[in-house]
Structures are given as structure tokens and as C-alpha cells.
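The structure under discussion appears below in the form of C-alpha cells.
The values are calculated or read from the model by the stated rules, or taken from the named source; none is laboratory data. Since this is a predicted model, take the numbers as computed values, not measurements. Heads up, the Cβs are rebuilt from the backbone with ideal geometry, glycines too, and the neighbour counts pull from every protein chain shown. Just the protein is used for accessible areas: all its heavy atoms, side chains included, with ligands, DNA and RNA removed. Shrake-Rupley method; radii C 1.70, N 1.55, O 1.52, S 1.80 Å.
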Amino acid sequence: MQTVWHAIVHALALAGSMTWEILWALVLGFALSAVVQAVVRKSTIVRLLGDDRPRTLAVASVLGAASSSCSYAAVALARSLFRKGANFTAAMAFEIGSTNLVVELGIILALLLGWQFTAAEFIGGPIMIVLVAVLFRLFVRSRLVEAAREQAERGLAGSMEGHAAMDMSVSGDGSFLRRLLSPRGFTSVAHVFVMEWAAILRDLVIGLLIAAAIGAWVPDRFWQSFFLEGHPLLSAVWGPLVGPLVAIASFVCSIGNVPLAAVLWNGGISFGGVTAFIFADLLILPILNIYRKYYGTRMMLTLLGVFYLAMAGAGYLVEILFGATGLTPHARNAMVMAEGIRWNYTTWLNIVFLVLAAILVIRFVRTGGIPMLRMMGGSPDAEHDHAGHDHAGHGHGEHDHSAHGNAGHEDAGDDHAEHGHTQHDHTAHGNAGHEDAEHVHAGHDRAEHGDSKHEHPGHDDAGHESGHGSR
């Protein structure tokens, strides 16, 4: 019993050490992502992803790299963009960029594995997107895409739907810096920052615990045998093929699979195998089930086959490119087995960035962010526009009911004084007898404002009623 307890304590100590090593990088990465998301509206992204030309796919990749790094949120957002008119290939390029080309992933790879793995990720990511685009051109017919669109329009819920539907960017005129440094910009950055942490935290914790358990309990000789370490050529061929399969079975996605990648590298997987493993966060079993709900079984199987081939192909090309240039690392000393916290530059950086995180969390709480956390798993059809949503007296925006007709529009009893209301865009409504879900505005008290109904006499479909309750 004492031996079991010691093994558990050892694994938890390793998990804590890995967390401490990457903590400042996570805060920095999410803060940078929040800054970009605070000034780039999702409606702008849709307009830029209308086809599958090389330039469009490059733009999709860059925009994805600037967005959420949570795999579930990225998958939900890609479906949302597709439903709004984005090209399917471009939406998938956005999804890949969102999970595999983000800054925080690169920093953590450098900390745990080495800079070569960061370089491999940012070289292999675009290669994978190119391979996906080519395979879609060869094997995906327009009938399948249209069937996927019909399935997507059903709006079946997956995971992190509410998070994907939220647009917390700051609207209005002015330069990037002016909008960012405004009070609404500060609020928007704080909201995105905390919501990104909330989206990724579960997978990050699970990934750290799994990596620590495997690192502490599974002997290296098992992995060395499994990855054929004693046979360099066979190992290089086997690694990119088996890496995605290990990822699929691990159930760990997003940044959470980097600690496990470090364990696998120490265990003998090839350089290209690590790259393919990290890319495969988009193929874990829960996400495959979400693809089935979003796009249908045929498209799910197509995505499984295309993504797997593209991941393995990118792994092979990375292996060849880095091998030819002599950049493939040979030492298998990834940061996994160090225990304890030492007073060094990591500690100083953690202190600085924890202070920054505390400032953003306080802003999030003081500007009505807490109820937004409860909306993260909401309906995919609830478009929550929180652009500059600041309840600290910064004025209110407007209600846009452009799809309903504005003749005779009346707001009954909505008192918006001293609250940061922003646009509520109801352009997606439109079936007879349809009743819209409530839009819950963080920090609003029903007792103060009451429930308001917006009547739309000019709406084409009779009987449509939109109930917007301010809570």
C-alpha cells in the first residue's frame, strides 16, 4: 500500500513540476491570443474564407492561429463559420491553424521538448493544411459538402458551442492600438483571456496527469520496444503512422497533449512521430463523434481519413527536412522527470505573469464575466455578441434586427442605463412560430430591467416572437 501511495505522490509531483515549468508560457500565450481576438470580429473572418484558393487558405491559417487553442472550441467555431457561408476547406484550415499554429503551443513545445519541435510544428502545420486541401480536391465531391452543410444547418450541439458563438471583439472605428487600450478593449481582452482558460483547463489538467502517470509508471523499455527505437529507419517510418493512433486513444487534445508528447519522445518515438502525434488532437474519439453530429457519418469518416493521411504525411516531410538539414535532435531529455520548484528565471516569470493573470481575472469578474462561464456550453444557434461588453458605465450599443424588419420596432421596458450593452444580432432567425432562446447578459438583474419583447411587424414569417430577457 505504501508503494502505491508513493507512486501516486511521485506522479502528482511530476505533474506539478511540469505545470510550473509551462505556467508563464500559458499565461503569455493566452494573453496574446486575447489581444488579437479583442480586435478581430468573427464576421470579418467569414468574409475572408469564401473559397479554397491558396491565398484564402493562408489567411484562414493565420486567423486560426490568432484564435482559440481549445480543440473543442475550434471545431465548433469552424462549423459556425461553415454555416455562415465559409468554404468548407477554408473552415478546416482555420480549425487546424487554431489548434496547431497557436503561440502558446509553440512556447510550451520549446520549454518541454526544445526549439526544434516548435519549428517542426510551425513548418509541419502549413504542410498539413496543403495536404488536406489537395486531398479534399481529389476525393471530396460537392455532393458530400452539400450533405455536410445540410447536416450542419440542423445545429446539433457538440461541445463548447456557447464559447464558439461568443464574439467578444471591440467594434467601432479607430486604430488597433486605440481600440485595444480603451476601457472596452481592456474588458474584451480580460473576457477572452478567462474564457480561453476555462475552455482549455480540463484538457490541460488531464494531459498533465496522464503524462505524469505514464512518465512515472511506464518503463522506458516498453516505449522503446513499441516505437522500434533500435531500428532508426523502421522507427522513422513507424512513428508518423502510429503517433496519431496513440493520440486518438489518449483522449487528450489541445495543449494538453504536449506533456504526453514529451513522455513519448523520451520513450523513443521518432521526431516526425511527435509532430504527427501533436497534430492528431483533432482526431480524438470525442471530437470524431462531434464531427459525426456536425457533418454526418460520411463526412466524419472522410475527415478521419484525410486528416490522418495529412498528419502522417506532414510527419514524414518534417522528418526528411530536419534530417537533411541536420536539425533533428538526438538527445531524449524532454522536461518530464524533474521534480520540485527551484528559484530561477521560471519562478520569476511565473510571478510576473500570475500578476498579469490576476489583473485580467479581476477585470473579468468586475465587468460581469462570471455568468458568461455558464453560457460556454450553450446552443450553437445562440449568437452572443459581447463586443466590448462592459458593465462599468461605458454606454450601450444598439439592437440590430435587420432580418426581421424594423417597422414599428418597440423595446418594452428595457432600461440599459449604466450598462455596457452591445449589438444583439438576430440576422439568423426565421421560421414561423420560432421562439428565440434568451440572450442572457452577464451582470444584469431581471428585477431592475424586466423582460422585454421585441415585436417585428415587418417580419416575413408570421408568428415569430423574439424574447430577450435581461437577467
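Of all residues in segment 14-30, those that are within 14 Å of F353 (Cα to Cα) have Cβ atoms under 8 Å from Cβ atoms of residues that are not in a helix (DSSP H, G or I), 6 or more apart or on another chain, in W20/I341; E21/M335; E21/A338; G29/S69; G29/V102; F30/S69.
The criterion of at least 3 residues that are open to solvent by 30 Å² or more (accessible area, probe 1.4 Å) and either touching a residue at least 60 places away in the same chain (Cβ under 8 Å) or farther than 27 Å from V9 by Cβ (or both) is met by the following helices (runs of 4 or more DSSP H) wholly inside segment 204-269: 232-250. When you scan segment 137-150, do you find a residue that is at pLDDT 90 or above, part of a helix (DSSP H, G or I), under 24 Å from L26 (Cβ atoms) and within 22 Å of the chain's Cα centre (by Cα), even just one? Within segment 137-150 (the criterion being at pLDDT 90 or above, part of a helix (DSSP H, G or I), under 24 Å from L26 (Cβ atoms) and within 22 Å of the chain's Cα centre (by Cα)), the answer is no, since none of the residues qualifies.
When S67 is tested against (1) in contact with a Pro (Cβ under 7 Å, 6 or more places away or on another chain); (2) at pLDDT below 80, just one condition goes unmet, and that condition is (1). Note on segment 315-337: among residues that are open to solvent by 40 Å² or more (accessible area, probe 1.4 Å) and under 22 Å from H10 (Cα atoms), the one that is modelled with the lowest pLDDT is M337.
The single condition among (1) assigned to a helix (DSSP H, G or I); (2) within 25 Å of L327 (Cα to Cα); (3) modelled with pLDDT under 90 that M195 does not satisfy is (2). Within segment 106-134, if we keep just the residues that are open to solvent by less than 20 Å² (accessible area, probe 1.4 Å) and of a type in the set (V, I, T), the residue that is farthest from L28 (Cα to Cα) turns out to be V132. Which residues, taken from segment 1-57, are in contact with a Phe, Trp or Tyr (Cβ under 7 Å, 6 or more places away or on another chain) and open to solvent by 40 Å² or more (accessible area, probe 1.4 Å)? The one that is in contact with a Phe, Trp or Tyr (Cβ under 7 Å, 6 or more places away or on another chain) and open to solvent by 40 Å² or more (accessible area, probe 1.4 Å): L28. Considering segment 270-294, and only residues there that are open to solvent by 10 Å² or more (accessible area, probe 1.4 Å) and over 16 Å from the mean Cα position of the chain (by Cα), the residue that is modelled with the lowest pLDDT turns out to be L285. Quick check: is even one residue across segment 278-293 in contact (Cβ under 8 Å) with a residue 60 or more places away in the chain and among the aromatic types (F, W, Y)? Taking every residue of segment 278-293 in turn, at least one turns out to be in contact (Cβ under 8 Å) with a residue 60 or more places away in the chain and among the aromatic types (F, W, Y). Against the criterion of being in contact (Cβ under 8 Å) with a residue 60 or more places away in the chain and open to solvent by less than 20 Å² (accessible area, probe 1.4 Å), L303 qualifies. Only a single item in (1) under 23 Å from E319 (Cβ atoms); (2) more than 30 Å from the chain's Cα centre (by Cα) is not met by G239, and it is number (2).
Can you report the number of residues in segment 89-105 which are open to solvent by less than 10 Å² (accessible area, probe 1.4 Å) and under 30 Å from A147 (Cα atoms)? Here the count works out to 11. Residue pairs whose Cβ atoms lie under 7 Å apart, sitting 6 or more positions apart in sequence or on different chains, and linking a residue in segment 327-344 that is in a loop (DSSP other than H, G, I, E, B) to a partner that is open to solvent by 80 Å² or more (accessible area, probe 1.4 Å) and modelled with pLDDT of 70 or more, do not occur here.
Would you call S61 among the polar types (S, T, N, Q), open to solvent by less than 10 Å² (accessible area, probe 1.4 Å) and either touching a residue at least 60 places away in the same chain (Cβ under 8 Å) or under 19 Å from A280 (Cβ atoms) (or both)?
When the stated conditions are applied, S61 does not pass them.
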